[in-house]
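Student: Before I ask anything, let me first share the structure, which is written out below as structure tokens.
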Amino acid sequence: DLITSILTDSDSFQDLAVKIERPTYRKPFLGGFKHRITGIEFHNAGSQTVPKKRPDKGIEVFCRETQTVFEKNKLQQTINTTSTQMTKIGLYVSNMTDKIIRPGKYVTADEYHKRRLEAVIVLQTYFRRWHAINLVQNLREKKRLRLEWEAQEELKKKKEKEEKLQSEYRRRQNPKTKEDYELLYRALEVWRLEETKRINENLTGTERKAALCGLLDQEVQLIASIGRYKLDTDEENRQQAILRFLGKCAQPKSWKAFDGKITEMDTPYTLRARELLEIYRSISMNDIPKDERIDVLLTLRRTVKEHDCKLTQEIVELIDREVDLMMRDVKECNLEGLRKRICTLFLQYIKTPKFNPEVAKILKVPPHPLQLYKNVNFCQSCKNYLPSSEFAVPASSRTIGRCRLCCKIDNEARKREAFLKYRLMLKNLRESEADYQDGAKIVYLIQQQDMQYMVEKIWDCQSALSACDDLYDLVMVRWDKHHEWSPWNTILLTKDEADAHLKLCNLQEAYEAVFIHRINRKHIQAKKYFTQIPEMASILHRSGDQTNTS
């Protein structure tokens, strides 16, 4: 308690005891001020009134809903007394601001709803007009985009066709591969037929015979020039094939780990093959200085001296001869034959598994003589025994026939056909069938000759829908995409038509009965031709049994 003196009268004081109750909570800071001189802080005091306690109802309350007071605001209209004043005797009230209200026409419910319906019709009219305008604009925009797309596709096809023609022209102008020479001989045959037709139409008698003799001389000269160019090309291709062959031998062993990384490892055999590859590249180079050539030859001499045999002795003898001639300043043109002979013998040295063990895995000819008797066939044309891989046997053939080289020579001499388009068609067909991943087998039994027979004899070299005869734009696809491809389940279409055909779900609804009947007749014709093959016949019988069972 605190004792405080209070002045009661003018001269007397009274002591009173003031009871101070300490709050049980921390009073909030309400601001204050600080004396500049003394530095004493004065805080604003808070109310010391004890908060009102709620009456104890005997129930222990914990939830917020019973502890929170909900207040509600409600608006009320108080009474406002007003009065009106009318004109009477002794009082004049102006009527200048008065309004005269007259009753209008009474509107019935039917009239009201009719007016609302007319208003709704007007709104619907404007909305439908707006919707129709948007629809037409969208259709016009789609039409514009479609026409632009068609123009781009047409331009793209035209550009692809021009590029294809230019590519064929470049390939005929500078042939490098077998396919290029096929195109070149085909162009020669087309030119010969056109010239023969022109001579037969315009000339007769002795003039015709003289013109045909002149045409024959021109053809002979062109064939001779093609042959000379082919010899040079074969030499370049042979050198590239040798380097690719040696590069395969020198490649390190590689495998893929569990984390996807490729690991490579060199073995003593691959290192040996790589060393021989570098030496072969060095001795095959032309126009190198004399000192470098002598160093390369000495390196080659040390390499082959590791093995003593007749082959290595001959190589060493040729190396010594070339070094001696180079010391005598013999012209390089006179050393070309000697250098080619050294390269040939060293290549033979590299292809010997005893000197290069890694080459045994890549050689086509097995090192053991007894293995030569396996898978060997006799060519009736060139009278040579060749491995089975050198024969292109059609699926419908009953005999081995001629080897690939004899067929190529016969084609160049007689028909001069280009089979590139059929090979591309067969390649595209096999790639598309591999994407189905349903275990297709028949497509891998079909060869180039079989594809040519189907395209020319069964489908007449044209699309079944649009009769397009550009073979580079035609593809073979499944007639029924739910079954495996076969000669009796296929159709020849353009690339765009094939994409649209494979999207169809029901062929009976998509095509007319006449078209389906025509396709079925071609399937019957193909089935009759290819059932001569035993493997094809067994597959056909199995598919027929499955169909009958289902």
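Student: Show me the trypsin sites (Lys or Arg not before Pro) within the range 200-284 that DSSP assigns to loop and that have at most 15 other Cβ atoms within 10 Å of their Cβ.
Tutor: LYS261
Student: Between the range 447-522 and the range 116-180, what is the separation of their alpha carbon centroids in Å?
Tutor: Centre-to-centre distance over Cα atoms comes out at 26 Å.
Student: Let me ask something else about it. So if a site counts as exposed when it's one of the GluC sites (Glu not before Pro), its DSSP state isn't H, G, I, E or B, and it has at most 15 other Cβ atoms within 10 Å, what's the longest stretch of the chain without one? Intermediate results must be reported in sequence, preceding the final value.
Tutor: Values: sites that count: GLU21, GLU60, GLU71, GLU306, GLU417, GLU512.
The longest such stretch corresponds to 72-305.
Student: What do you reckon, how do SER463, SER167, SER389 stack up by accessible area (1.4 Å probe), largest on top? Show your work: numbers first, answer last.
Tutor: Values: SER463 5, SER167 40, SER389 80 Å².
Final ranking, largest accessible area leading: SER389, SER167, SER463.
Student: So, one more: Under a 5 Å amide H to amide H cut-off, with H placed in plane at 1.01 Å, what residues pair with THR490 once short-range neighbours are removed?
Tutor: TRP479
Student: Classify the range 178-248 from the C-alpha gyration tensor, please: rounded if a/c falls under 1.5, else prolate or oblate depending on whether a/b exceeds b/c. Show your work: numbers first, answer last.
Tutor: On the way: a/c = 9.00, a/b = 3.32, b/c = 2.71.
Since a/c reaches 1.5 and a/b is larger than b/c, the shape of the range 178-248 is classed as prolate.
Student: Still on this model: Determine the order of VAL455, VAL220, VAL296 by accessible area, beginning with the largest, at a probe radius of 1.4 Å.
Tutor: The ordering from most to least exposed comes out as VAL220, VAL296, VAL455.
Student: Let me ask something else. Indicate the gyration tensor shape class of the range 265-365 (rounded, prolate or oblate), computed on the Cα atoms with a ≥ b ≥ c the square roots of the eigenvalues: a/c under 1.5 is rounded; otherwise a/b larger than b/c is prolate and the rest oblate. Walk me through the numbers on the way to the answer.
Tutor: Working: a/c = 2.13, a/b = 1.85, b/c = 1.15.
Taking the square roots of the gyration eigenvalues as a ≥ b ≥ c, the range 265-365 is prolate.
Student: Can you pull out the trypsin sites (Lys or Arg not before Pro) in the range 69-138 that DSSP calls coil and that have at most 16 other Cβ atoms within 10 Å?
Tutor: Values: sites: LYS72, LYS74, LYS88, LYS99, LYS105, LYS114, ARG115, ARG116, ARG128, ARG129; in loops: LYS72, LYS74, LYS99, LYS105.
Within the range 69-138, the qualifying trypsin sites (Lys or Arg not before Pro) (loop, at most 16 other Cβ atoms within 10 Å) are LYS72, LYS74, LYS99, LYS105.
Student: Lysine pairs in the range 431-521 with Cα distance under 18 Å, only those 8 or more apart or on different chains: how many are there? Write down the numbers at each step before the final one.
Tutor: Details: LYS441/LYS481; LYS481/LYS495; LYS481/LYS503; LYS495/LYS503.
Within the range 431-521, the lysine pair count is 4.
Student: Scan the chain and report its longest stretch carrying no chymotrypsin sites (Phe, Trp or Tyr not before Pro) that are both in a DSSP loop and have at most 11 other Cβ atoms within 10 Å.
Tutor: Values: sites that count: TYR25, PHE29, PHE62, PHE70, TYR92, TYR106, PHE258.
Here the longest segment lacking exposed loop sites spans 259-550.
Student: In terms of Cα to Cα distance under 30 Å, which lysines are near enough to LYS331, apart from those fewer than 8 places away along the same chain?
Tutor: Filter leaves LYS230, LYS290, LYS305, LYS310, LYS340.
Student: Just from its helices, what would the mean residue ellipticity at 222 nm be for the chain, if runs of 4 or more DSSP H residues each count -39500 (n - 2.57) and the sum is divided by every residue, rounded to the nearest 500 deg cm²/dmol?
Tutor: Working: 16 runs with 288 residues, N = 550.
For the chain, the value works out to -17500 deg cm²/dmol.
Student: Among the trypsin sites (Lys or Arg not before Pro) in the range 463-516, which ones are in a DSSP loop with at most 13 other Cβ atoms within 10 Å of the Cβ? Mind listing them?
Tutor: Values: sites: ARG478, LYS481, LYS495, LYS503; in loops: LYS481, LYS503.
Here the sparse-neighbourhood loop sites are LYS503.
Student: Tell me which label goes with the value of P(r) over Cα pairs in 20 Å bins from 0, in percent computed from the coordinates here: (i) 13, 25, 19, 11, 8, 6, 5, 5, 4, 3, 2, 0; (ii) 6, 12, 15, 20, 17, 13, 9, 6, 1; (iii) 11, 24, 22, 11, 10, 13, 8, 2, 0.
Tutor: Matching the structure shown: (iii).
The values are calculated or read from the model by the stated rules, or taken from the named source; none is laboratory data. Computed from a predicted structure; not experimentally measured. For neighbour counting, all protein chains shown are included, and Cβ atoms are generated from backbone atoms with ideal geometry for every residue, glycine included. These area figures cover heavy atoms from the full protein model, side chains too; ligands, DNA and RNA do not enter into them. Shrake-Rupley method; radii C 1.70, N 1.55, O 1.52, S 1.80 Å.
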